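I have placed the structure first, in the form of structure tokens, so that the comments after it can refer back to it.
The values are calculated or read from the model by the stated rules, or taken from the named source; none is laboratory data. A quick note: this is a predicted structure, and the numbers were derived from the prediction, not measured. A quick note on method: Cβ atoms are made from the backbone with ideal geometry, for glycine too, and the neighbour counts reach across all protein chains shown.
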Amino acid sequence: MVIKIAQFILIILLSPFLFGVINRTKAFFAGRKGSSLFQLYYDIFKLFQKGAVYSTTTTWIFVAGPIISLSAILTASALIPFAGHPSLVSFDGDLILFIYLLGLARFFTVLAALDTGSSFEGMGASREVQFAVFAEPALFLSLAALARITGTLSISDIFSNLTIHPLAMGEPVIFLVVGALFIIFLTENSRIPVDDPNTHLELTMIHEVMVLDHGGVDLGYIFYGAAIKFWILGTLLTGIFLGAHSKGWAWDYVMFIFGMMILAVIVGVVESVLARLRLIKVPHFLIVSLALAVLALAFTMR
Amino acid sequence: MNSWIDLIIISVILMNLMMLSSSRISTCIRIVAFQGVFVGLMPFVINAQSITLGASISSIASITLKGVVFPWLLFRAQQEANIRKEVDPIGGYPLSLLAGVGMFLISCWLSARLPYERPLFSEMIVPVSFATFFTGIFIIVSRMKALTQVIGYLVLENGIFLFGTALLVEQSFVVELAILLDIFVAVFVMGIAIFHISREFDHIDTQNLSELKDWVISKQEKQHA
């Protein structure tokens with residue numbers, strides 16, 4: 001139990017670090033020196049010390065939005081295993097709870113954005129929901145395919161049953177799942193090619209535009225929630241590639257954290273070499289991930 | 001060994017989806033060539049030790065035809081007809097992709113209802129071959145250009161080849177060689193036809209062929225008069 005709580009605290013502590021790694025990778029490709037690896041920690045710390053300003057047109061939903069989102073994401077992170085070791089909470093069918101917690105977080109972000117009454121935020125909210133229509137079923141079906149391969153319905157057990165390295169396992173279906181999950185991972189964390197986290201041009205933003213009116217502590221909550229969401233969705237990918245090792249927990253932890261760093265570097269490389277898709281092309285990209293997930297599930301149903 | 005079969009099957013179905021969603025004719029020609037080679041390798045992968053002479057001849061012939069000769073013919077037809085434009089499907093690319101997934105699910109259901117005389121090498125080979133020939137038919141129906149319709153025809157043949165290797169490994173080669181000859185002649189003739197259409201009408205959009213019906217209209221007008 002102590003180890004499980006320690007793992008949960010590790011997720012909370014380590015997740016903002018990955019954004020530093022991504023920014024360093026992008027800076028390397030751009031030939032810049034780049035910000036500190038701990039920049040997001042500084043930003044969140046700074047924002048937590050500030051007060052928030054609320055518009056008079058907003059209601060309690062605007063205040064509650066970031067808090068509910070962050071707490072939903074934190075709860076979801078309690079369901080996610082760390083380095084293949086069981087998570088803090090796990091029961092049969094918790095993968096459905098996991099997906100709905102992420103859905104709840106998104107729902108309240110969207111509601112808070114709509115609550116401001118700003119037309120830009122409304123636009124961002126509509127785009128976010130439009131893309132979620134494709135991303136959520138794809139996530140559901142990929143997790144269902146994983147559950148089918150391993151024969152369990154709990155996220156912890158899925159990753160502890162994926163004991164063998166997928167490349168050696170000779171299970172090409174895994175590649176379909178990895179492909180689908182990677183597209184979902186980029187979409188849900190609003191990275192290039194779906195969304196650009198650095199853009200501040202209202203007509204093209206998706207996620208960024210929804211949080212324009214949040215400030216101070218609320219913005220800190222949103223940044224922190226984004227970092228943890230990046231970590232937990234990334235765990236699904238690194239978990240597939242690493243499986244559960246049994247060379248002692250220290251080795252597992254080191255390999256897992258190293259794997260997450262590599263994932264962050266891959267995201268940085270993707271962001272450096274790819275351009276953003278045009279907005280009308282994004283659903284097409286997401287349908288590809290949906291198609292991969294459907295194929296994976298159909299192949300595992302046999 | 002089994003995982004190689006799975007790998008080929010999964011790449012065949014992925015290539016179907018790529019073909020449905022790619023917008024360039026030259027990409028489609030390349031994908032269909034790769035698919036032909038992958039499908040042609042299937043008999044070697046299924047029984048590497050005990051492959052008969054006939055089966056290997058038919059596989060090698062199909063690999064050379066689909067991997068080398070057809071792409072060359074199609075690229076030449078593309079150059080001579082000077083087609084650089086996109087595939088322009090009816091209904092757009094996302095819809096075609098979803099249709100591809102739908103056709104795959106239908107063929108899964110369909111193949112589960114077929115009685116098989118002996119156990120198959122892989123459970124997925126029949127649904128994937130069905131999905132491949134549905135995809136071929138879909139490409140023929142939903143694409144406007146004559147050249148893409150030839151590509152759809154080739155996808156259809158890939159599906160038939162895969163189905164043949166799945167069910168009758170030894171006896172299939174006579175049938176296969178006959179089909180290959182047909183396909184070869186068809187692609188050859190279609191290449192010439194495309195060239196002539198494009199020289200005559202400046203484009204190969206088959207939709208405009210339906211306007212060649214003034215004879216019927218004039219007959220109707222006479223009747224009205």
Expected single match for surrounded by 14 or more Cβ atoms within 10 Å (Cβ to Cβ) and under 20 Å from the mean Cα position of the chain (by Cα) among B:Val45, B:Val68, B:Val128 is B:Val128
Among (1) within 9 Å of another protein chain (Cβ to nearest Cβ); (2) surrounded by fewer than 22 Cβ atoms within 10 Å (Cβ to Cβ), there is one condition B:Ile31 misses while meeting the rest; what is its number?
(1)
Evaluate region B:99-107: report whether one residue or more is buried (at least 21 other Cβ atoms within 10 Å of the Cβ), under 26 Å from B:Ala193 (Cβ atoms) and aliphatic (A, V, I, L, M).
no
On the given criteria, is A:Leu290 within 14 Å of chain B (Cβ to nearest Cβ) and under 20 Å from the mean Cα position of the chain (by Cα)?
yes
Restricting region B:107-144 to residues that are part of a loop (DSSP other than H, G, I, E, B) and closer than 28 Å to A:Phe134 by Cβ, the residue that is nearest to the other protein chains (Cβ to nearest Cβ)
B:Met124
Could you list, in sequence order, all residues of region B:97-106 that are more than 10 Å from every other protein chain (Cβ to nearest Cβ) and either within 16 Å of A:Met301 (Cα to Cα) or in contact with a strand residue (DSSP E or B) (Cβ under 9 Å, 6 or more places away or on another chain) (or both)?
B:Ile106
When B:Ala112 is run through (1) in contact with a Phe, Trp or Tyr (Cβ under 7 Å, 6 or more places away or on another chain); (2) surrounded by fewer than 17 Cβ atoms within 10 Å (Cβ to Cβ), the failure sits at (1)
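Check region A:269-281 and report whether any residue there is among the hydroxyl-bearing types (Ser, Thr, Tyr) and surrounded by fewer than 16 Cβ atoms within 10 Å (Cβ to Cβ).
First pass over region A:269-281, keeping only residues among the hydroxyl-bearing types (Ser, Thr, Tyr): A:272.
Those left that are additionally surrounded by fewer than 16 Cβ atoms within 10 Å (Cβ to Cβ): A:272.
Within region A:269-281 (the criterion being among the hydroxyl-bearing types (Ser, Thr, Tyr) and surrounded by fewer than 16 Cβ atoms within 10 Å (Cβ to Cβ)), the answer is yes, since at least one residue qualifies.
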Among the residues of region A:120-141, are any in a loop (DSSP other than H, G, I, E, B) and crowded, with 20+ Cβ neighbours inside 10 Å?
no
In the set B:Ile125, B:Ile183, B:Ile204, the lone residue that is at pLDDT 75 or above and farther than 28 Å from A:Ala296 by Cβ is B:Ile183
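For region A:34-58, enumerate the residues that are farther than 24 Å from A:Ser15 by Cβ and surrounded by fewer than 13 Cβ atoms within 10 Å (Cβ to Cβ).
So in region A:34-58, the residues farther than 24 Å from A:Ser15 by Cβ come out as A:51, A:53-58.
Passing the criteria: A:Gly51, A:Val53, A:Ser55, A:Thr56, A:Thr57.
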Yes/no for A:Leu263 being in contact with a Ser or Thr (Cβ under 7 Å, 6 or more places away or on another chain), within 20 Å of A:Leu176 (Cα to Cα) and away from chain B (no Cβ under 14 Å)
yes
